[in-house]
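Beneath this line is the structure, given in structure tokens, with notes to follow.
The values are calculated or read from the model by the stated rules, or taken from the named source; none is laboratory data. Just so you know, these numbers come straight off a predicted model, no measurement behind them. Here the Cβ positions follow ideal geometry from the backbone for every residue, glycine too, while neighbour counts run over all protein chains shown.
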Amino acid sequence: MLFVLLQIAVGIGPAMAAPRRALALVLALALLVVTSACSNVMLTYEREGSGHVSARTMDWSSDLLSEVTTFPRGTPLAKYSPYGSASAAANSTSAGRDTAEIGFVAATLKALHGMVADGLNEHGFGVGLLWMEHPALLNGIAGMGVGEFRDYYPSFDAADPRPAMAFMDLGGHLLSSCKTIADAETMIRKYQIVATDKNTFPASFGFCGTTPECNPSVHFTLHDADGKSAVVEFIGEASKAASPKCFSDPAIGGTAAPNGGRVCFYDNTDSGVMTNEPTLETHRRSLQTQLDQEGNTNKALFGLLQNEFGGYQSSARFARLSVLNILGKRASPTCASPASCGWSNTKYLDTADKLQHPHGFSFESKSATVDRVVQAARQIQTAVRPYGINVVDPVYGATQWTVIRDHSNKRFLFNSPAAPSFRSLDLASLDLTARGVQRSIPLANQEFDFEDASASLTAGGVGTKHVSLSPSRKKDQVGLKVKAGPGAG
């Protein structure tokens, strides 16, 4: 029903009188704002020796049939046809590499031809794809909507010597080619990033209601092992008021496509946060306005967390994760060495506790790297959308999975409601550096795993053991299954 309303509202469906068309658009917007909702954060506060870690959720209203897939060096990379003329398709044949130069693991979506939605490569460079609503579809929502429902992606320019690359290829090609944020910016500027051929996507997803190109509307978050972050967005000419810096600063927006669209590349190192709509620039302006109004004291920030920033809307999740990064910095001491203190400042402990737990609280890991991953898990879990909200409407997307990227130690961790304990892949042990067989496992396998601690509370019992409710289940690191056919990217 949502997409029928959208098609009618934007003139794709049957003709209708202006007042009824306007009403349909309003109804569609009310549903669409919460259809999909992903969140991403790079921890910007650091415990010495812990490294750089980021995390994200994937929230969607239909089953994406997600897998975790290996892409060893030499894996063939899929190339999707770009949107537009035959000349654009012919021009795209030279876009990107044919095979992976750098090995990586990725969360791939079988429901969308194995598209790479997230991943981490052998150099600790990570990419995440998140939904971002077309700015025109947010009109009527204070501070978010702008412009007309016109092209979302830059159009192909036959006079531009750069090859065309469909946005659907971008995630895999970034992971297979880049070591740092600087590498990613250089690569992106080498190509014309355009929409994907509209026939690529199943009609059941209704993407003709989300962009005029009948493509999903997305943006990308990037992170590297040096702790740097960036955001890539596609902004059409009709929506430039949402991202004025992109259109005024060539260092951000590059050159305009024939339709006026831009590929906006933002340094996001200070924040490390990205959710969905509105645009990054609008998110930043809105957050700064609220901080200016309410104050930037610890008490004021806590008040915002309890009220304005406490919901599931994209703007609330963006602000919440940003404020938690701010408070994390303030709570983290400057340590002389990794052994001198944990992430929780010992000034908040009384004298006795300081003597008993000189590294911080008893619930902190002695390992700085483990503690860092746990902190990322805690922070991203504040943005997890629980099942049950779809009772309000079937299009309300709950969290299908969560990913943690350990950029410093090259570990890719993931969980889902079906497997709430995080599973971990050590990229070094996967040996992605040599050409090998591509393998995959379901990201969620409908099995609940728990640790049985009963033995530690029985007479003579020692330790705990790992219990799987499925006796046939093997360790995930070993259980990666051979994936047939070429890689997706």
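Here are a few things to note about the model shown:
- From the list LEU170, LEU130, LEU120, the lone residue that is assigned to a helix (DSSP H, G or I), assigned by TED's automatic domain parsing to the domain that holds THR269, under 30 Å from ARG73 (Cα atoms) and at pLDDT 95 or above is LEU170.
- Residue count for the stretch 38-58 satisfying the condition of being modelled with pLDDT of 90 or more and either basic (Lys, Arg) or under 10 Å from the mean Cα position of the chain (by Cα) (or both): 9.
- Meets criteria (in contact with a Leu (Cβ under 7 Å, 6 or more places away or on another chain), assigned to a strand (DSSP E or B), in contact (Cβ under 8 Å) with a residue 40 or more places away in the chain and surrounded by 15 or more Cβ atoms within 10 Å (Cβ to Cβ)) for GLN375: no
- Residue that is charged (D, E, K, R) and either surrounded by 24 or more Cβ atoms within 10 Å (Cβ to Cβ) or without any contact (Cβ under 8 Å) to a residue 24 or more places away in the chain (or both), where the choices are GLU185, GLU133: GLU133
- If you go through the stretch 133-164 and keep only what is closer than 20 Å to THR210 by Cα and assigned to a strand (DSSP E or B), you end up with nothing.
- All of (1) at pLDDT 95 or above; (2) more than 17 Å from the chain's Cα centre (by Cα) hold for GLY140 with one exception: (1).
- Condition met for LYS179 (under 21 Å from the mean Cα position of the chain (by Cα), basic (Lys, Arg) and under 23 Å from SER39 (Cβ atoms)): no
- Across the stretch 261-275, the qualifying residues are those that are assigned to a strand (DSSP E or B) and surrounded by 19 or more Cβ atoms within 10 Å (Cβ to Cβ), and the one among them that is nearest to the chain's Cα centre (by Cα) is MET274.
- A Cβ distance below 7 Å, combined with a sequence gap of six or more or placement on separate chains, defines the contacts here; from the stretch 427-440, residues that are on the phi > 0 side of the Ramachandran plot reach no residue that is buried (at least 20 other Cβ atoms within 10 Å of the Cβ) and in a loop (DSSP other than H, G, I, E, B).
- Residue that is closer than 23 Å to ILE141 by Cβ and in the same structural domain as GLY397 (by TED's automatic domain parsing), where the choices are LEU327, LEU321, LEU301: LEU321
- Hey, GLY328 at pLDDT below 95 and either closer than 23 Å to ILE404 by Cβ or outside any helix (DSSP H, G or I) (or both) or not: yes
- Residue list for the stretch 291-326, restricted to those being of a type outside the set (Gly, Ala, Ser), more than 21 Å from ALA376 (Cα to Cα) and surrounded by fewer than 17 Cβ atoms within 10 Å (Cβ to Cβ): ASP292, GLN293, GLU294, ASN296, THR297, LYS299, ASN307, GLU308
- Qualifying residue in the stretch 143-154 (condition: crowded, with 19+ Cβ neighbours inside 10 Å and closer than 20 Å to SER271 by Cβ): yes
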